1. Within segment 335-362, restricting attention to residues that are farther than 30 Å from residue 423 by Cα and modelled with pLDDT under 75, which residue is most open to solvent (accessible area, probe 1.4 Å)?
2. If the Cβ limit is 6 Å and pairs must be 6+ apart or interchain, which residue in segment 386-411 that is farther than 26 Å from residue 442 by Cβ pairs with which residue that is modelled with pLDDT under 80 and open to solvent by less than 40 Å² (accessible area, probe 1.4 Å)?
3. Assess whether residue 435 counts as being loosely packed, with under 14 Cβ neighbours inside 10 Å and modelled with pLDDT of 65 or more.
4. Between a residue in segment 65-76 that is within 11 Å of residue 8 (Cα to Cα) and any residue that is small (Gly, Ala, Ser) and open to solvent by 10 Å² or more (accessible area, probe 1.4 Å), which pairs come within a Cβ distance under 7 Å, given they are 6 or more apart or on different chains?
5. I want to confirm something. Restricting to segment 75-125 and keeping residues that are under 19 Å from residue 46 (Cβ atoms) and acidic (Asp, Glu), which single residue is modelled with the highest pLDDT?
6. Got at least one residue in segment 452-464 being among the small types (Gly, Ala, Ser), exposed (fewer than 12 other Cβ atoms within 10 Å of the Cβ) and either closer than 15 Å to residue 333 by Cβ or modelled with pLDDT under 80 (or both)?
7. Do you know which residues across segment 145-171 are open to solvent by less than 90 Å² (accessible area, probe 1.4 Å), at pLDDT 50 or above, of a type outside the set (Phe, Trp, Tyr) and in a loop (DSSP other than H, G, I, E, B)?
8. Do you know which residues across segment 187-222 are assigned to a helix (DSSP H, G or I), closer than 23 Å to residue 265 by Cα and open to solvent by less than 20 Å² (accessible area, probe 1.4 Å)?
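The values are calculated or read from the model by the stated rules, or taken from the named source; none is laboratory data. These figures come from a predicted structure and were not determined experimentally. Neighbour counts run over all protein chains shown; Cβ positions are idealised from the backbone, glycine included. Just so you know, the surface numbers come from the protein's heavy atoms only, side chains and all, with ligands and any DNA or RNA stripped out. Shrake-Rupley method; radii C 1.70, N 1.55, O 1.52, S 1.80 Å.
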Amino acid sequence: MAIKRALIYTRVSEDKTGEHRSVGEQEAACRETCVRNGWDVVEVLSDNSIGASRHSSGHRDGWDKVHARIERGDIDVLVVWEFSRTGRDLYSWAVLRNALADNGTLFCEGGKISDLSDGADRLTLGVKSVIAEAAADETSARVRRSLQANADRGRPHGRLLFGYRRVRDELTGRPVGQVSNEEQAAVVRRVFAEYNAGSSRQDIADGLNAEGIKTGTDKDWIARRIGDLLRNIAYAGRRIHNGEDFAKADWDPLVDMETFLTARRRREAAGANSTRATKEARLLSGVIRCGVCNAKMYSGGQSAKGHAYRCSGDSRCVQRTGVPCDELVTAALLDRLGSHDNSDRVRGDTEPSADVIEATNRVAALETQLDDLAVQFAAGELSAKMLSKAEQLILPKIAEARKDARQAAVPINLDIPESGHAQWWDTLDHKLRREVVGAYIAAVFVHPVGQAGRTFDPSAISVEWAT
């Protein structure tokens, strides 16, 4: 058989520089083989930074094109630098072997030419395939053992965590641990402190950006990055492995476990993954309800008319422009604050009812129960999974008890005047306004107004007052 048309294939599993240097060197060596044999190179196909074992997750586009060229029958020989460039698993080799044999295409690796229609060549290359797969399996096992050993010892792994710097071995340069980066560590502590004191994630991000404080990758802070920081238990000195809290870390925590768990409870109780803790535009999120299916309505972004409250039920029954809703309910609330029936309650002269006292005591008891569990967890007497399950049971009970207490209690630390409520309302921040709404309003219902309703209809909004 006259060999004339050669296809070169190159591959490297990892290219940290992104300069394709290794595949370039492979190509140069393959071209020398082609020149030496008098072959014309019709195409060079490559896969860079992609593994080729059964443990690899990437897809080899270049390899797909190799098979397409072989099946077209317009090449005489496939040239690779060395055998493992074709892959490191038996199945992929078997597919290639059959394609080469069926189309009469020769195979050249390391300068040696093989004919896959010949039994001796199939045997020789089959052994090489078994060896290549075994080497890949051993590499995978070694990596898993290393990761497990690091996890067992609580050593850091993966991307450097904001707030720390890596310590490296003086001889090998490999990371052997991490210690706090004091400038960044101060930011981490500040984020936890401000969040636990009541600040929203967006407010914290805005504050850091205003001071020119950047993330570890020199980017501005956003609410999502603040949330990622707050939920990372590594800051409390715990090692994560396979997505779970695994062991005590070998680095010093930047916050204590009580601080971390306080932030976790606040996120879960307030729905920290939602956008509710924002500005006054979302005054009624979670309070306002669909008049059709009774599902809660939340603010869903901005438009030319401002934000809108949308039904969260499966049918998405009702949607209403938010600002008129906020204004209508605010006016109704201020009118109620000034009514004679509520004057005693506004002044706070009356003693709390027995129901309020009982609900408040329930909140305190449940929170104490969680704190005790947190102490057991920090002492290693309780697993993270058990703590999480306990929180899933207790947090809803705390939320319900707080709701019961709110039904007849004015929020604490609110000096509500007997008159001038509109001026007083203007002095409140968003958080305090939400507390007043929660204390006086049980629910706000939005009723449908028909397909023709293009203007805001106040009669379609009804307020259910807390009793």
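1. Within segment 335-362, the subset farther than 30 Å from residue 423 by Cα is 354-355, 357-362.
Within this subset, residues satisfying the condition of being modelled with pLDDT under 75 are 354-355, 357-361.
Numbers: 354: 77, 355: 121, 357: 82, 358: 90, 359: 1, 360: 70, 361: 94 Å².
Going through the qualifying residues, I end up with 355.
2. Going by the 6 Å Cβ cut-off, the qualifying pairs are 387/373; 387/377; 390/373.
3. Numbers: loosely packed, with under 14 Cβ neighbours inside 10 Å: no; modelled with pLDDT of 65 or more: yes.
Judged against the criteria, residue 435 is not a match.
4. Taking only residues 6 or more apart or on different chains, not a single pair turns up.
5. 109
6. Within segment 452-464, the first condition is being among the small types (Gly, Ala, Ser), and the residues that meet it are 452-453, 459-460, 462.
Subset that is exposed (fewer than 12 other Cβ atoms within 10 Å of the Cβ): 452-453, 459.
When the remaining residues are screened for being either closer than 15 Å to residue 333 by Cβ or modelled with pLDDT under 80 (or both), the result is 452-453.
Within segment 452-464 (the criterion being among the small types (Gly, Ala, Ser), exposed (fewer than 12 other Cβ atoms within 10 Å of the Cβ) and either closer than 15 Å to residue 333 by Cβ or modelled with pLDDT under 80 (or both)), the answer is yes, since at least one residue qualifies.
7. 158, 160, 161, 163, 169
8. 187, 188, 191, 192, 195, 204, 205
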